[in-house]
């Protein structure tokens, strides 16, 4: 049986929708899924490790990678750069692994231009009230910052229709089941099965 290429998934959500908790739970139960690790020029935070949360590099190295067209997508956020390496993504896909890109809607547009077969999943909160409550539970931001985050969240959510799948994260177990089902279904699409089981299909049609 030939090794088939993995699927590239774009996962987006407003801050507080529970996206990270969902994909970490998916990773723990599905050995065929990997999360893309981005490159960044920002300083590592306490507890972060190079190659685990991010690949931490300096500005000069990042700009060199831009010049070499090494990124799927990249952006400057305040004084720091963030980018998704083509080499890293293609390497995992060629191994037959499914790869999650955790990016915003703007990055998702860049990815689709370069890789139209990417599958987009957008995570929505069950309500604005629930979203605000989740942000306040973090107890790290002032009211002013939370209101800015809420305004940004509404703007992000307005792009939900650009994605192939939408999941409302109200009941966590149900949301996890839904996202897992998307991954399973995409592995059974006809072109994938033709590539994966080509010899079997030919045998079945050989009478």
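For region 76-99, taking the residues that are closer than 10 Å to residue 7 by Cα and in a strand (DSSP E or B), the one that is farthest from the chain's Cα centre (by Cα) is identified as 98.
Count of region 135-171 residues, restricted to those that are assigned to a helix (DSSP H, G or I), more than 15 Å from residue 16 (Cα to Cα) and touching a residue at least 24 places away in the same chain (Cβ under 8 Å), is 2. Residues in region 58-76 that are surrounded by fewer than 17 Cβ atoms within 10 Å (Cβ to Cβ) and touching a strand residue (DSSP E or B) at 6+ places or on another chain (Cβ under 9 Å): 6 in all.
Listed here are the residues, each with its yes/no results for (1) crowded, with 18+ Cβ neighbours inside 10 Å; (2) farther than 30 Å from residue 71 by Cα; (3) touching a helix residue (DSSP H, G or I) at 6+ places or on another chain (Cβ under 6 Å); (4) modelled with pLDDT of 95 or more.
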site: 129; (1), (2), (3), (4): no, yes, no, no
site: 157; (1), (2), (3), (4): yes, no, no, yes
site: 183; (1), (2), (3), (4): yes, no, no, yes
site: 187; (1), (2), (3), (4): no, no, no, no
site: 199; (1), (2), (3), (4): no, yes, no, no
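Output the residue which, of all residues in region 36-46 that are over 24 Å from residue 9 (Cβ atoms) and modelled with pLDDT of 90 or more, is surrounded by the fewest Cβ atoms within 10 Å (Cβ to Cβ). Ranking the candidates gives 43 first.
Residues checked against (1) under 25 Å from residue 192 (Cα atoms); (2) in a loop (DSSP other than H, G, I, E, B); (3) under 15 Å from the mean Cα position of the chain (by Cα):
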residue	(1), (2), (3)
6	yes, yes, yes
9	yes, no, yes
14	no, yes, yes
17	no, yes, yes
21	no, no, yes
27	yes, no, yes
34	yes, no, yes
43	no, yes, no
47	no, yes, no
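The values are calculated or read from the model by the stated rules, or taken from the named source; none is laboratory data. Since we're looking at a predicted model, the values are computed, not measured. Neighbour counts run over all protein chains shown; Cβ positions are idealised from the backbone, glycine included.
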